[in-house]
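Visitor: The following block contains the structure, expressed as structure tokens.
The values are calculated or read from the model by the stated rules, or taken from the named source; none is laboratory data. Small disclaimer: the values here were computed from a predicted structure and weren't measured. Using ideal geometry, Cβ is built from the backbone for each residue, glycine included, and neighbour counts are taken over all protein chains shown.
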């Protein structure tokens, strides 16, 4: 298997066990790359990715940017605070304006649960959910699970404790869904 079973990475519920294994196997191969003196590969050359952040983020935004650059993607960064969203531009209009610049993929952080699902039905681009309200943060959960797998060899049979405001945590929800797989 070389492709995910889904067109977008919107949440843990939408991906299969095979998708998770593919993501982890791909991460294993890229791990070697980040330890090289030259940390760049042409995997995403000629692909343009728009990072649409409708709420503040430091680690997630920088992590995506760094990964995109290391994979040789061209990057467009968008911050809602300094955009036409302040004047009432809709999510679909914002995305379509950016996509008109020949953008191939959108990585989006949004304060409203389901915003990624909504957008995926209205635009012609791949969407990656980098956190939506109190709903999900699948990429962080995948990273968390990958780290547990790396440390302990296998996730199966492990007891994982999640501490904090689990009810309102998008990361906790995604982790719970992922560890159930």
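Visitor: Would you check which residues across the stretch 149-171 are modelled with pLDDT of 90 or more and crowded, with 16+ Cβ neighbours inside 10 Å and list them?
Guide: Listed by number, the residues that qualify are 149, 170, 171.
Residues are listed down the side, and each one gets a yes or a no for (1) surrounded by 11 or more Cβ atoms within 10 Å (Cβ to Cβ); (2) assigned to a helix (DSSP H, G or I):
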residue: 5; (1), (2): yes, no
residue: 18; (1), (2): yes, yes
residue: 23; (1), (2): yes, yes
residue: 26; (1), (2): yes, yes
residue: 32; (1), (2): no, yes
residue: 37; (1), (2): no, no
residue: 44; (1), (2): yes, no
residue: 60; (1), (2): yes, yes
residue: 66; (1), (2): yes, yes
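Visitor: Counting just the residues of the stretch 115-133 that are part of a loop (DSSP other than H, G, I, E, B), modelled with pLDDT of 90 or more and out of contact with any strand residue (DSSP E or B) (no Cβ under 6 Å at 6 or more places or on another chain), which one comes out surrounded by the most Cβ atoms within 10 Å (Cβ to Cβ)?
Guide: Once the filter is applied, the top-ranked residue is 123.
Visitor: Residues being over 22 Å from residue 144 (Cα atoms) and either touching a helix residue (DSSP H, G or I) at 6+ places or on another chain (Cβ under 7 Å) or in contact (Cβ under 8 Å) with a residue 60 or more places away in the chain (or both): count how many of those fall in the stretch 56-76.
Guide: Qualifying residue count for the region: 2.
Visitor: If a residue must be closer than 20 Å to residue 133 by Cβ and either touching a residue at least 60 places away in the same chain (Cβ under 8 Å) or crowded, with 17+ Cβ neighbours inside 10 Å (or both), how many such residues does the stretch 86-114 contain?
Guide: The number of residues fulfilling the criteria is 8.
Visitor: Are any residues in the stretch 70-94 in contact with a strand residue (DSSP E or B) (Cβ under 8 Å, 6 or more places away or on another chain), at pLDDT 95 or above and not in a strand (DSSP E or B), and if so, which ones?
Guide: Listed by number, the list holds a single entry, 73.
Visitor: Given (1) in a strand (DSSP E or B); (2) loosely packed, with under 15 Cβ neighbours inside 10 Å; (3) in contact (Cβ under 8 Å) with a residue 40 or more places away in the chain, where does residue 13 come up short, assuming only one miss?
Guide: (1)
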